[in-house]
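Q: What follows is a single structure, and I will ask about it in a moment.
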Amino acid sequence: MQKLEHKELVDLLRQMLLMRRFEEKCAEMYALGKIGGFLHLYIGQEAVATGAISVLRPDDYVIASYREHGHALAKGSDPRKVMAELFGRADGLCKGKGGSMHLFDKTHHFLGGHAIVAGQIPIGTGAAFASQYEGKDQVTLCFFGDAAVNQGVFHEALNLAALWHLPIVYICENNRYGMGTAVARATSVKDLYRRAEAYGMPGEAVDGMDVLAVRECVGLAVERARRERIPSFIEAKTYRFRGHSMADPGTYRTKEEVEQEKQRDPLLLFRNHLMAEAVVKESDWKALEKEVRATVEEAVRYADASPEPPVEWLHTDVYVSER
Ligand SMILES: Cc1ncc(C[n+]2csc(CCOP(=O)(O)OP(=O)(O)O)c2C)c(N)n1
């Protein structure tokens, strides 16, 4: 892939920093009772969505699981509208009807967060089918967790995608746990990317803590999908630093393990790399922090100022009558 310009590198860093600070604020807002329901944070996995989505065109599709705040932000969703959605307010991305697990942004071709494990895999495959059927050259990126690869629909979807040459890249974010279940306790073949062999599609593992490695790997797969209609399966090896959701006491893994994995914090790894390469200076980093914090504060102000959705809205947007 082409070497990145200074601005592109800084944009990647800004994106990861925004995801991190946005979600730290979400945890705070959840504790204050401003966000209800479930809240699954993406902290630790930022390099995956950032690197992968950075190679897309605006009209390419992204679909993800309930751990999708980062994907929505990377796809271009307005942080203010995302926060308002988490607050369940009328100005939210989905008018406050979706909440944390169901962000959806038609204008940015973000096909949503999906709460049913693996539920987004056939839907993403359908989006790729639609692009192909309509003769368009859009690509779909479909993100899911390690537990999703053991669901039946994963196998059905990958089989059809390979058979029909669909322009899709499946990205498994292997953060090593499906709720409290370690991958090794649930999955017979440890190297998840090898599942691709069964469907005759390229499969590859990538360091999901390295934003540039993810960008490179997904970039090649996206080009393959766009130009040659070859789907791919990528396993991004990552780790989530927080519990499965805000309600998770995290008794299934040791504090030492978490601390050890935090040594490879993707945000700090990339920041340190850019500093070592003299792409950013300490003062640039401070300025970015200030800018991102202001964006997040503004998102909270916007969400707080937005009204509750009126009761009558319960009956609207239930079915879509037009495209
Ligand atoms: C079909 C289905 N079964 C069970 C659940 C309950 N559940 C919610 S999240 C989850 C674990 C998923 O783990 P993984 O796919 O690895 O994603 P991660 O949370 O690690 O991002 C489970 C079992 C569900 N939502 N849907």
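Q: For the range 284-323, how many residues meet the condition of being under 16 Å from Asp11 (Cα atoms) and either among the hydrophobic types (A, V, I, L, M, F, W, C) or open to solvent by 70 Å² or more (accessible area, probe 1.4 Å) (or both)?
A: 8
Q: Got a number for residues in the range 235-251 being surrounded by fewer than 18 Cβ atoms within 10 Å (Cβ to Cβ) and within 11 Å of the ligand (Cβ to nearest atom)?
A: Count: 2.
Q: Let me ask another. Out of everything in the range 155-181 that is within 10 Å of the ligand (Cβ to nearest atom) and hydrophobic (A, V, I, L, M, F, W, C), what residue ends up being least open to solvent (accessible area, probe 1.4 Å)?
A: That would be Cys172.
Q: Checking the structure you have, find out if any residue of the range 122-140 is in a helix (DSSP H, G or I), open to solvent by 40 Å² or more (accessible area, probe 1.4 Å) and under 22 Å from Val183 (Cβ atoms).
A: Scanning the range 122-140, I find no residue that is in a helix (DSSP H, G or I), open to solvent by 40 Å² or more (accessible area, probe 1.4 Å) and under 22 Å from Val183 (Cβ atoms), so the answer is no.
Q: Would you mention how many residues in the range 24-59 are crowded, with 22+ Cβ neighbours inside 10 Å and not in a loop (DSSP other than H, G, I, E, B)?
A: Qualifying residue count for the region: 9.
Q: Quick one: in the range 171-184, which of the residues that are in contact with a helix residue (DSSP H, G or I) (Cβ under 9 Å, 6 or more places away or on another chain) and of a type in the set (A, V, I, L, M) is farthest from Ala157 (Cα to Cα)?
A: Only one residue fits best here, namely Met179.
Q: Could you check, for the range 125-132, whether at least one of its residues is modelled with pLDDT of 95 or more, more than 18 Å from Asp59 (Cβ to Cβ), in contact with a helix residue (DSSP H, G or I) (Cβ under 9 Å, 6 or more places away or on another chain) and of a type in the set (A, V, I, L, M, F, W, C)?
A: The answer is no; no qualifying residue exists.
Q: Scan the range 89-142 residue by residue and report those that are under 30 Å from Tyr302 (Cα atoms) and aromatic (Phe, Trp, Tyr).
A: Answer for the range 89-142, where residues must be under 30 Å from Tyr302 (Cα atoms) and aromatic (Phe, Trp, Tyr): Phe104, Phe110.
Q: Go through the range 182-195 residue by residue and tally those that are in a helix (DSSP H, G or I) and either more than 14 Å from the ligand (Cβ to nearest atom) or surrounded by 13 or more Cβ atoms within 10 Å (Cβ to Cβ) (or both).
A: The total comes to 6.
Q: Need pairs with beta-carbon distance below 6 Å; first residue closer than 14 Å to Phe154 by Cβ and within the range 185-212, second part of a loop (DSSP other than H, G, I, E, B) and modelled with pLDDT of 95 or more; sequence gap 6+ or separate chains.
A: Met201/Pro231
Q: Quick check, is Thr254 within 15 Å of the ligand (Cβ to nearest atom), β-branched (Val, Ile, Thr) and open to solvent by 20 Å² or more (accessible area, probe 1.4 Å)?
A: No, not satisfied.
Q: Right, something else. For the range 1-46, give me each residue that is away from the ligand (no atom under 14 Å from the Cβ) and aromatic (Phe, Trp, Tyr).
A: If the condition is that a residue be away from the ligand (no atom under 14 Å from the Cβ) and aromatic (Phe, Trp, Tyr), then Phe22, Tyr30 are the ones that fit.
Q: Could we say that Ser232 is among the polar types (S, T, N, Q), open to solvent by less than 20 Å² (accessible area, probe 1.4 Å), in contact with a strand residue (DSSP E or B) (Cβ under 7 Å, 6 or more places away or on another chain) and at pLDDT 95 or above here?
A: Spelling it out, Ser232 is indeed among the polar types (S, T, N, Q), open to solvent by less than 20 Å² (accessible area, probe 1.4 Å), in contact with a strand residue (DSSP E or B) (Cβ under 7 Å, 6 or more places away or on another chain) and at pLDDT 95 or above.
Q: Within the range 90-111, can you find the residues that are assigned to a loop (DSSP other than H, G, I, E, B) and open to solvent by 40 Å² or more (accessible area, probe 1.4 Å)?
A: Residues satisfying the conditions are Asp91, Lys95, Lys97, Phe104, His109.
Q: Do any residues in the range 105-127 that are closer than 12 Å to Ser65 by Cα have Cβ atoms under 7 Å from those of residues that are among the acidic types (Asp, Glu), where the two are at least six apart or on different chains, and which pairs are they?
A: Taking only residues 6 or more apart or on different chains, the pairs are Gly113/Glu68.
Q: Please verify whether Phe87 is modelled with pLDDT of 95 or more, more than 16 Å from the ligand (Cβ to nearest atom) and either open to solvent by 20 Å² or more (accessible area, probe 1.4 Å) or not acidic (Asp, Glu) (or both), treating the condition exactly as stated.
A: For Phe87, the condition - modelled with pLDDT of 95 or more, more than 16 Å from the ligand (Cβ to nearest atom) and either open to solvent by 20 Å² or more (accessible area, probe 1.4 Å) or not acidic (Asp, Glu) (or both) - is met.
Q: Regarding Leu4, is this residue under 27 Å from Glu289 (Cβ atoms), at pLDDT below 95, of a type outside the set (Phe, Trp, Tyr) and not in a strand (DSSP E or B)?
A: yes
The values are calculated or read from the model by the stated rules, or taken from the named source; none is laboratory data. All values reported here derive from a predicted model rather than from experimental measurement. Because the Cβ atoms are built from the backbone with ideal geometry, glycine has one as well, and the counts that use them run over all protein chains shown. To get the accessible areas, we keep the full protein, side chains included, count just its heavy atoms, and leave off ligands, DNA and RNA. Shrake-Rupley method; radii C 1.70, N 1.55, O 1.52, S 1.80 Å.
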